[in-house]
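The values are calculated or read from the model by the stated rules, or taken from the named source; none is laboratory data. On a predicted model such as this, the values are computed, not experimentally measured, just so you know. Cβ sites come from the backbone with ideal geometry, for glycine too, and all protein chains shown count toward neighbours.
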Amino acid sequence: MSGPSFDEPEVTIELTVNGATVTRRVSTRRHLSDFLRDDLGLTGTHIGCEHGVCGACTVRYDGEIARSCLILAAQTDGSTVETVEGLSDSGEIEALQQAFLARNALQCGFCTPGMLVTAADLLRSVPKPSRDEVRDAISANYCRCTGYHAIVDAIMAASEKLAVKS
């Protein structure tokens with residue numbers, strides 16, 4: 001015997017995701033992370049803790065990094081969201097992706113999309129960060145595989161490569 005069925009209220013949202021306008025009806029209780037993954041097929045946004053602690057679901061929301069598991073999709077009406085796929089397609093994280101690969105800064109890859117979004121945000125605001133600034137920036141993104149040293153090395157290498165291009 002199943003429990004009672006409740007119809008969840010829905011709203012229509014219109015937002016920009018990775019440069020494209022998206023209009024959808026969503027449950028008022030649906031999280032942005034689930035909307036991105038299940039409704040839009042943007043599976044680079046990983047769902048880890050669902051409490052905003054691990055950083056796996058990090059996206060750029062109206063220009064600032066945010067945990068998409070803590071944002072309701074209904075809240076994003078009129079907003080701009082950029083995911084790791086959008087940052088990759090635009091070329092913004094190319095140097096970071098190359099450095100992560102070259103420095104073996106990923107193993108299972110689960111934390112990697114959130115790390116890349118976080119690192120891109122850091123390098124936008126601090127083009128030549130110190131190792132301490134990198135560690136501080138990624139301190140809220142959990143990685144259970146690499147021990148962070150390779151990730152810090154990769155972000156430093158990407159910052160150096162980007163500085164040469166400037």
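Checking the conditions here, which among Val117, Val59, Val84 is more than 29 Å from Glu10 (Cα to Cα) and surrounded by 23 or more Cβ atoms within 10 Å (Cβ to Cβ)? Write out each step before concluding.
On the way: Val59 fails: more than 29 Å from Glu10 (Cα to Cα); Val84 fails: more than 29 Å from Glu10 (Cα to Cα).
The conditions single out Val117.
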Among all residue pairs at least 6 apart or on different chains, which show Cβ distances below 7 Å where the first residue, located in segment 48-59, is at negative phi and the second is part of a loop (DSSP other than H, G, I, E, B) and hydroxyl-bearing (Ser, Thr, Tyr)?
Cys54/Tyr142; Cys57/Thr45; Val59/Thr45; Val59/Thr83
Among (1) free of Cβ contacts under 8 Å to residues at least 40 places away in the same chain; (2) under 21 Å from Ser125 (Cα atoms); (3) of a type in the set (D, E, K, R), which single condition is Glu8 missing?
(2)
In segment 125-152, how many residues are under 22 Å from Gly91 (Cβ atoms), surrounded by fewer than 19 Cβ atoms within 10 Å (Cβ to Cβ) and not hydrophobic (A, V, I, L, M, F, W, C)?
3
Name the residue that is nearest to Met115 (Cα to Cα), counting only residues in segment 38-47 that are without any contact (Cβ under 8 Å) to a residue 12 or more places away in the chain and in a loop (DSSP other than H, G, I, E, B).
Thr43
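How many residues are more than 22 Å from Cys49 (Cβ to Cβ) and either in the same structural domain as Gly48 (by TED's automatic domain parsing) or not acidic (Asp, Glu) (or both) when one looks only at segment 101-137?
Residues meeting the conditions: 14.
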Report yes if some residue within segment 61-75 is farther than 25 Å from Pro127 by Cα and in a loop (DSSP other than H, G, I, E, B); otherwise report no.
yes
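Report yes if some residue within segment 34-45 is at pLDDT 95 or above and either β-branched (Val, Ile, Thr) or in the same structural domain as Cys108 (by TED's automatic domain parsing) (or both); otherwise report no. Outline the logic, then answer.
The first filter runs over segment 34-45 and keeps only residues at pLDDT 95 or above, leaving 34-45.
Subsequent filtering for residues that are either β-branched (Val, Ile, Thr) or in the same structural domain as Cys108 (by TED's automatic domain parsing) (or both) retains 43, 45.
Within segment 34-45, one or more residues are at pLDDT 95 or above and either β-branched (Val, Ile, Thr) or in the same structural domain as Cys108 (by TED's automatic domain parsing) (or both).
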